[in-house]
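Written below as structure tokens is the structure these notes are about.
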Amino acid sequence: MNSNFGSNSGFYRILNVNKFFLVSFILVFTFVGILIGKHGNAGLFLHLNSCNTKTSDYIFLYLTNLGDGVVAFLLVVVLLWVSFREALTFLAITLIITLIINLLKNVFFPELNRPLLYFGNGILHLVHGYQPPMMNTFPSGHSATAFSVGLYLSNLSKKRITQFVLFLGACSVGYSRIYLSAHFPLDVVGGATIGIIVTIIFLYFQPRFKNPWLDRKFKLSPKLFPRHSNL
């Protein structure tokens, strides 16, 4: 009897292949959840936001851009050279995540303000060169994108060290949103969870589409030094 949780198929395969990324996610975000429960969402934000240096200002100002939607669409383009299946899957993931994030921000939780409007700028650490948004704080779209990209690349790589590095990169993007006073910790947790869940669902259904065209890929490469035929 086949099961979706069989050892070589379905969700079990996805969880097993990406266990270093996913176990790290569960452990770290469970710990963050405990801290939110102990100190409160706003209290934990203030503590994390107060830990800053000039060097980290510079690092997180640019690191946060790795969670931008442009990065996700660039990955879609790159995946065309892996297979159309991979490119279209991640395009669908990105579009669904974008839809969910915007529905939550603008329809379900439009009244939730971001830290700058919630606290005022008197007690927040603001980084020169970045103007934090004021409204629609939950969830963090940058965090959703970062963890979606990280998990998808983890699934392609399957190497333990690569998975852990990708997880650290996604966490750094999530932390940058708090550091830059753009989001509360709960926003980051929510965004990351959405990115993870949507990506797992699409990875589960991806192999079930059997069209051979999907397994083709771009083979075009620039010819910097074209060969000339001998006359």
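The values are calculated or read from the model by the stated rules, or taken from the named source; none is laboratory data. Here the structure is a predicted model, which means the values were calculated and not measured. Please note: Cβ atoms are built from the backbone with ideal geometry, for glycine as well, and neighbour counts cover all protein chains shown.
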Subject >> Filtered residues of region 2-20 (kept if exposed (fewer than 13 other Cβ atoms within 10 Å of the Cβ), at pLDDT 50 or above and assigned to a loop (DSSP other than H, G, I, E, B)) >> reply: ASN8
Original post:
Can you name the residue in region 72-105 that is among the aromatic types (Phe, Trp, Tyr) and under 17 Å from the mean Cα position of the chain (by Cα) and, of all such residues, is modelled with the lowest pLDDT?
Top reply: PHE73
**OP:** Select from region 131-141 the residues that are surrounded by fewer than 16 Cβ atoms within 10 Å (Cβ to Cβ) and in contact (Cβ under 8 Å) with a residue 24 or more places away in the chain and write down the one among them that is nearest to ALA182 (Cα to Cα).
**Re:** PRO133
**OP:** Name, by its number, the condition in (1) of a type outside the set (A, V, I, L, M, F, W, C); (2) farther than 18 Å from ASP187 by Cα; (3) touching a residue at least 40 places away in the same chain (Cβ under 8 Å) that does not hold for ASN121.
**Re:** (3)
Original post:
Can we say ALA42 is in contact (Cβ under 8 Å) with a residue 24 or more places away in the chain and part of a helix (DSSP H, G or I)?
Top reply: yes
Subject >> Selection from region 142-189 of residues that are charged (D, E, K, R) and crowded, with 24+ Cβ neighbours inside 10 Å >> reply: ARG177, ASP187
Subject >> ALA72 vs. criteria closer than 15 Å to VAL188 by Cβ, surrounded by 11 or more Cβ atoms within 10 Å (Cβ to Cβ) and in contact (Cβ under 8 Å) with a residue 24 or more places away in the chain >> reply: no
Subject >> Residues that are surrounded by 14 or more Cβ atoms within 10 Å (Cβ to Cβ), over 24 Å from VAL165 (Cα atoms) and out of contact with any Leu (no Cβ under 7 Å at 6 or more places or on another chain), drawn from region 21-50 >> reply: HIS39, GLY40, ALA42, PHE45, LEU46
